[in-house]
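K.L.:
Once you've had a glance at the structure underneath, I'll fire off some questions.
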Amino acid sequence: MSLIRKNIKSIIAYTLFSLVVFILFLFLLFPREEIKSRLIYEIEKGTATEIKTKGDEWIFPLGLAFSGMEFTRKGETTTHTLAHIDRLTLDVPVKGILSLSPVSVLMADVYGGSVRGLITLRRDNRIMQANWTNVDLARIDPIREIPAENAGRVSGDLVLSLTNNMPEGQIRLLIKGGKLGKIKVMGFALPDIPVDELQGGIHIKEYTLSLKDVHFKNSDMKGTITGDIQLRSEKGPGNLNISIRFALGEKLKKEYQGLLTLIERSKDREGYYTLHIKGDLQKPAFTI
């Protein structure tokens, strides 16, 4: 009996030793640089962007972290910055490295908030699922190009597929503590508009964002936003075609009295006004 126990202990010890050696050699001999280059290549190819990073490091056992990540896209005459990510961590999909659809878990610190998601890197169809919390709206690069002051914290989720480098999917978002400022309508400079809450869905199809059932409100205003935002692409500059339907309380009616007089004919039976925003992203025009 003692001999059997001794043999069992030896077998267990040898197995554990072999396992530790295997893990150690796997970690030491793992092709880190090749995998890092492959991940960057796949993300660039899948998103049709160019990626620059300030630094990277491997996290035990097989995680990869990038710092100071910048996504850009070259246009006909200029290069557009699409996003900055302070820190992005990806697990390396060991089982799927040599497969056609490796799946990787990502976590990121971006614009003062956090993101967690999954990326499936298929050859012909790349899929991303993610949710994010507390992202600072004022720091998002494409939004900073819009000629207005935007503020607020954004949470939400998305499901996005990339086929032939063209995105398609859905975003749901919630903005709290927001503000719109430095807006002119028909020559009138509007006072800053607090947005206590804005929520709704956005459909993405190639370079077009379609706003679906987006609602906003504050203590003296409520309304909806519908329409399309055409982002900049290789084919030309972006443009807007958006309708804002809103109702005001007594306080804001006094502040906006001059503007409301000009758009009185857009008022419907329910007491809502409608403004249309059309034209170039940099110089949109407000009409009724």
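Just so you know, all these numbers are worked out from the coordinates, no wet-lab data involved. Just so we're clear, the structure is a prediction, and the values are computed from it rather than from any experiment. Positions of Cβ are generated from backbone atoms using ideal geometry, with glycine treated the same way; all protein chains shown enter the neighbour counts.
K.L.:
So, R0 is 25 Å and r is the distance between the beta-carbons of LYS182 and ASP228; what FRET efficiency does that work out to, to 0.05?
P.N.:
Efficiency at R0 = 25 Å is approximately 0.60.
K.L.:
Please go through the residue pairs LYS182/LYS283; LYS74/LYS212; LYS176/LYS254 and name each one whose alpha carbons sit more than 20 Å apart in this structure.
P.N.:
Those over the limit are LYS74/LYS212; LYS176/LYS254.
K.L.:
Please give me the summed charge of the neighbours of LYS222: other residues whose Cβ is under 11 Å from its Cβ, Lys and Arg +1, Asp and Glu -1.
P.N.:
Net of charged neighbours comes to -1.
K.L.:
Tell me, in nm to one decimal, what length is gained between GLU270 and ASP86 on full extension, where the rule is 0.36 nm per residue of separation less the Cα-Cα distance?
P.N.:
Residue separation times 0.36 nm, minus the Cα-Cα distance, leaves 61.6 nm.
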